[in-house]
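**Student:** Take this structure, written in structure tokens, and hold onto it; I'll ask about it next.
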Amino acid sequence: MMGNDMEHDDRREEQREDRGGVNGAAQNGAASEPPPGAEALAALTAERDELKDRVLRTLAEMENLRRRTEREVADARTYAVTNFARDMLNVADNVRRAVESVPAETRSGADGAFKGLLDGIELTERDLTKTLERHGVKLIEPQGQRFDPNRHQAMFEVPNAEVPTGTVVQVVQSGYVIGDRVLRPALVGVAKGGPKPAAANPSDPG
């Protein structure tokens, strides 16, 4: 009987070991599997990050569009009168020629109706200049300034040893700018034969 009892005990022990092995394998398998919903959470996180990136890119594009639109509106406001202003320069030139056609000594000694006529022409010229300035059109005054090929057009050279070479010593026709653009370059005579010009100063007018 003792032999049979021992055999039964051995079988029970083997069964316990078998069950323990099965349970251990099941536990190990459970430990290696991801928790429920982990894949769904990872997918939602990736989708959220993608949507956030899209929103940020859209906001950046909208900001760039807003700035570009503002620049275009500002340019349109500034330069809308360009063609009209260029035509008006012919009127300004004719008024200036009318003033300059009268010698200085004649203007200084004028009286009566003739003086009134001269004063009226000069007043018209001043009003025309102010009207152009209100619309962003400004006169270039290069006399005595260093020649600037971006704003001036040299018509001839004038021998002059008293001023630096490249100095504007004569203005043949006035120039104008509108905003940051040259509407018409000034036609000038430039000195030569003098000392070398100093370094350019960005703050110099004209």
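Derivation of every value follows stated rules applied to the coordinates shown; laboratory data play no part. Not measured: the values here are computed from a predicted model. Methodologically, a virtual Cβ is constructed for each residue, glycine included, from the backbone with ideal geometry; neighbour enumeration extends over all protein chains shown.
**Student:** Please work out the FRET efficiency for the pair Glu70 and Leu128, using the Cβ-Cβ distance as r and a Förster radius of 25 Å; give the result to the nearest 0.05.
**Tutor:** 0.20
**Student:** Okay, next question. Roughly what % antiparallel, to the nearest 5, for the DSSP beta bridges in region 105-206?
**Tutor:** 65 percent
**Student:** Under a point spin-label approximation (7 Å from Cα along Cα-to-Cβ), what is the Gln170-Arg86 distance to one decimal in nm?
**Tutor:** It is 2.8 nm.
**Student:** Volume per residue, Å³, of the convex hull around the alpha-carbon atoms of region 136-197?
**Tutor:** Once divided by residue count, the hull of region 136-197 is 62 Å³.
**Student:** Working out 0.36 nm times the residue gap between Arg54 and Ser101, then minus their Cα-Cα distance, what length gain in nm do you get to one decimal?
**Tutor:** Stretched fully, the Arg54-Ser101 segment lengthens by 10.0 nm.
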